[in-house]
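The values are calculated or read from the model by the stated rules, or taken from the named source; none is laboratory data. What you see is a predicted model, and the numbers here were worked out from it, not measured in a lab. A quick note on method: Cβ atoms are made from the backbone with ideal geometry, for glycine too, and the neighbour counts reach across all protein chains shown. Ligands, DNA and RNA are excluded from the accessible area calculation, which covers all protein heavy atoms including side chains. Shrake-Rupley method; radii C 1.70, N 1.55, O 1.52, S 1.80 Å.
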Amino acid sequence: MAKKKRRKSKKKLRHQRLLWLIGGLFVLVIVASIVSETVIYQKQQAQSENTDHEQKVAWINQLAPYARELQEKYHVIASISIAQAILESNWNTSTLATQYHNLYGIKADTGQKSVVLPTKEFENGQWITIQGRFAAYSSWQESMKAHAMLLYRGTSWNTNQYQHVLAAKDYATAAQALTQDGYATDPSYAKKLITIIQTWHLDRFDVPTK
């Protein structure tokens, strides 16, 4: 009887080892699958990020020559013009930019072709959403020129409103002047512009000021 018990015990042990082996292999397969999926996801993310980066660089290079031309005519520093377009249009993805070529969130004048869209304004220490009437343009070039002319000519109630922006000799001073002269209500507007300019080295497009 003892010999039979030993045979059964050895058989049971072999069976347990086989189960452990199968279980171990199953775990390895699961781990390998997870690792493989992670690597594929990371590659896809990297490819997506590279594509996104390339598209942004291409858009900057598209705007840059005209921004330089506008700087020479209207004294709006090119990097400021490009950075504002990036910030205001969220890299040319906003509804106002994609459908109406308005890269800067410029409000419409009386009788001008326009569209009403919700927008956020910073008032009394908090963000609120209002309905704004914005200018609609036929091209991004028209939008950029309108932006430069707004800063150059000022508003209908103050032709010198953006005098500090025009007088600025560098992008950091111009960014601060936009807030000082009342272009934007966002208290961190200047900091955001400066960060964009420095991140993308937009100052390389600036025409040297005299």
Handout entry: Positive-end residue, the stretch 119-210 charge dipole about Cα centroid, Cβ charges, pick of 128, 144, 195
Key = 144
Fill in the blank from the handout: For the pair residue 34 and residue 142, the simple spin-label estimate (label points 7 Å beyond Cα toward Cβ) gives in nm 5.7
Practice task
Obtain the nm distance between the two label points defined at residue 121 and residue 95 by a simple spin-label model: each point lies 7 Å from its Cα along the Cα-to-C-beta direction.
Solution key: 1.8
Practice task
Please report the relative contact order for the chain, taking Cα pairs under 8 Å with a sequence separation of at least 6, and give it as a percent rounded to a whole number.
Solution key: 19
Problem - Dipole in debye (nearest 20) - the stretch 96-210, about Cα centre, beta carbon charges: Lys, Arg +1; Asp, Glu -1 - result: 160
Problem - Dipole-positive endmost among 70, 91, 26 within the chain (Cβ charges, Cα centre) - result: 26
Completion exercise
Using a 1.4 Å probe on heavy atoms of the protein chains only, the accessible area for residue 14 in Å², nearest 10, reads 150
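With only Lys, Arg, Asp and Glu charged, each at its Cβ (+1 for the first two, -1 for the last two), find how big the charge dipole of the stretch 44-123 is about the Cα centre; round to the nearest 20 debye. Walk me through the intermediate numbers first.
Working: 6 positive and 9 negative charges, 40 e Å.
In debye, rounded to 20, the stretch 44-123 gives about 200.
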Practice task
Using a cut-off of under 14 Å, list every residue of the stretch 130-170 whose amide N is near the label point 7 Å from the Cα of residue 107 along the Cα-to-beta-carbon line.
Solution key: 130-135, 155-158
Handout entry: Above-threshold pairs, the threshold being 18 Å between Cα atoms, out of 107/169; 73/145; 56/145; 145/210
Key = 107/169; 56/145; 145/210
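Only Lys, Arg, Asp and Glu count, each charged at its Cβ (+1, +1, -1, -1), so figure out the dipole size of the chain about its Cα centre, rounded to 20 debye.
3400
As a test of the formula, what do you get for the chain when each DSSP H run with n ≥ 4 contributes -39,500 (n - 2.57) and the sum is divided by the residue count, at 222 nm and rounded to the nearest 500 deg cm²/dmol? Write out the running numbers ahead of the final one.
Numbers: 7 runs with 132 residues, N = 210.
Computed ellipticity for the chain at 222 nm equals -21500 deg cm²/dmol.
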